[in-house]
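The values are calculated or read from the model by the stated rules, or taken from the named source; none is laboratory data. Just so we're clear, the structure is a prediction, and the values are computed from it rather than from any experiment. Note that each Cβ is placed from the backbone with ideal geometry, even for glycine, and that neighbours are counted across all protein chains shown.
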């Protein structure tokens with residue numbers, strides 16, 4: 001709440017992770033459980049580290065991915081962790097039990113992002129194979145569409161960004177967008193998008209990469225049938 005740095009875990013050389021606490025390569029992603037108990041971090045060396053979020057003590061290391069770990073997300077209200085990787089796989093872990101659960105296959109190239117909420121499903125985007133996939137974990141099934149970055153708004157809707165500069169609003173069971181803002185950031189692609197965990201209902205934030213050097217705030221209107229720009233923040 002104060003904005004002060006609580007702790008720093010130094011890294012080390014590759015192959016020395018068991019002798020020191022931190023990562024030995026670039027940390028590419030992280031996630032914290034909804035109860036604030038666990039922090040998960042993923043690195044370019046294929047490792048996922050689990051930490052006590054209060055003390056920054058390392059609790060466990062998950063191995064199993066064959067390439068860089070590019071996305072992490074805890075299922076809301078649980079200690080179930082989803083991980084995405086450049087090895088084109090999504091893995092499911094039980095953090096409380098330090099256990100591997102299963103692997104999901106489907107992407108044809110590296111996975112660039114991942115998100116989840118409370119339902120037993122997760123959304124991944126594969127920038128290089130041009131798809132976004134909604135995974136239904138119990139049924140081991142998936143829906144596929146063409147997108148570069150994604151963020152869930154609630155259990156029924158998500159927002160996406162694409163390489164044509166558009167921002168789209170989706171229903172999770174629909175293959176076509178409910179609303180579309182073309183060239184939302186001009187021609188360059190939208191590299192990332194995010195939303196506040198707690199905030200104004202119906203608002204979404206899309207943040208592009210370096211091409212347009214701006215962050216735009218958008219609003220979902222008319223029962224998630226419309227996307228309206230609110231403001232443009234230059235960086």
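Collect the residues in the range 108-131 that are within 15 Å of the chain's Cα centre (by Cα) and modelled with pLDDT of 75 or more, keeping them in residue-number order.
Matches in the range 108-131: 110, 111, 112, 113, 114, 115, 116.
Which one is nearest to the chain's Cα centre (by Cα), of the residues in the range 132-167 that are closer than 27 Å to residue 35 by Cα, assigned to a loop (DSSP other than H, G, I, E, B) and at pLDDT 70 or above?
Here the answer is 153.
Can you confirm whether the range 68-77 contains a residue that is more than 14 Å from residue 30 (Cα to Cα), touching a strand residue (DSSP E or B) at 6+ places or on another chain (Cβ under 6 Å) and surrounded by 13 or more Cβ atoms within 10 Å (Cβ to Cβ)?
No, that holds for no residue.
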